[in-house]
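Have a look at the structure below, then the notes.
Every number here is computed from the coordinates shown, using simple stated rules; none is lab data. In this text, all values refer to a predicted model and were calculated from it rather than measured experimentally. Glycine gets a Cβ as well: all are built from the backbone with ideal geometry, and neighbour counts include every protein chain shown.
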Ligand SMILES: Cc1cc2nc3c(=O)[nH]c(=O)nc-3n(C[C@H](O)[C@H](O)[C@H](O)COP(=O)(O)OP(=O)(O)OC[C@H]3O[C@@H](n4cnc5c(N)ncnc54)[C@H](O)[C@@H]3O)c2cc1C
């Protein structure tokens with residue numbers, strides 16, 4: 001098949017064929033930190049108020065996250081379990097549709113029965129369990145060349161620890177659209193896109209590799225080894241504010257900075273506020 005196109009954007013995910021053509025796979029392996037993730041959806045009693053995200057444990061010792069995913073069905077709960085099961089190293093593939101086994105994940109959470117949620121029961125009620133190695137790749141010194149570029153996980157696969165992979169792919173698309181609209185030379189537009197997005201996403205890949213939330217968990221565990229009711233009893237207000245600000249900074253989600261930044265819209269600025 002031969003197609004003539006203006007630009008080629010490789011948005012083909014963590015195992016991108018376009019990336020493999022641009023960058024020798026031998027020098028650009030999938031890197032696994034040793035944390036295995038399992039995930040699934042189950043019907044269970046609503047957790048607390050039915051709108052609560054429950055995060056227990058830590059990435060290194062074993063972590064379990066649950067959240068409700070349907071306003072109309074408060075019993076529908078999505079869960080993700082993360083356990084360090086191996087030493088870091090390169091892996092040949094990462095298939096996020098791969099079936100996981102109940103026994104493999106349940107073994108790590110057998111005694112996780114708390115008042116808000118019975119984790120073993122939640123796992124047992126899950127019809128389909130999937131497993132995935134938490135992988136990324138080293139940031140690239142350049143994404144594309146000429147009229148070819150990368151976007152999303154193809155460009156910057158990162159650990160999904162800060163709700164960032166998908167949202168960064170959307171930001172890529174927004175900047176790419178603006179660059180293409182603003183410059184009639186496609187190669188120059190792709191260069192401008194990469195210049196804007198590559199440094200920011202490379203920093204995120206590395207920041208996520210350090211599992212930033214782990215430091216907070218370590219501090220809380222140290223100060224309240226027997227548990228706590230309110231994290232404000234364990235961490236001071238300035239500490240909490242600094243941790244939240246650090247997370248927003250690495251995610252580029254600082255509201256004030258975002259509001260001060262020029263819009264990425266390619267539409268002319270509105271002069272009449274009543275215009276749609
Ligand atoms: C367990 C887990 C939880 C996550 N949680 C979050 C979260 O809360 N928030 C967040 O923002 N991100 C999260 N992510 C990350 C997020 O899912 C990814 O970063 C995001 O899907 C990347 O989008 P993408 O379009 O770049 O790639 P993908 O979503 O992987 O899409 C790539 C597409 O390309 C297609 N494709 C691949 N090869 C070819 C080919 N040769 N020809 C044609 N098509 C091809 C694939 O079929 C796929 O449809 C999570 C990831 C995991 C694994």
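The table that follows gives values for the structure above.
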| quantity | calculated |
| --- | --- |
| Gain on full stretching of the segment that runs from residue 142 to residue 125 - 0.36 nm per residue minus C-alpha separation | 1.6 nm |
| Neighbour-count order for 108, 229, fewest beta carbons within 10 angstrom listed first | 229, 108 |
| Antiparallel DSSP beta bridges within the chain, percent to nearest 5 | 90 |
| Residues 84, 113, 63 arranged by fewest to most Cβ contacts within 10 Å | 113, 84, 63 |
| 222 nm mean residue ellipticity, helices alone, for the chain (DSSP H n ≥ 4; -39,500 (n - 2.57); rounded to 500) | -10000 deg cm²/dmol |
| Tensor-based shape of region 141-276 (alpha-carbon gyration tensor, a/c under 1.5 rounded, otherwise prolate or oblate) | oblate |
| Sorted by Cβ neighbour density within 10 Å, fewest at the top, the residues 149, 216 | 216, 149 |
| Nearest 10 degrees, 0 to 90: helix 165-182 Cα axis against the chain principal axis | 10 |
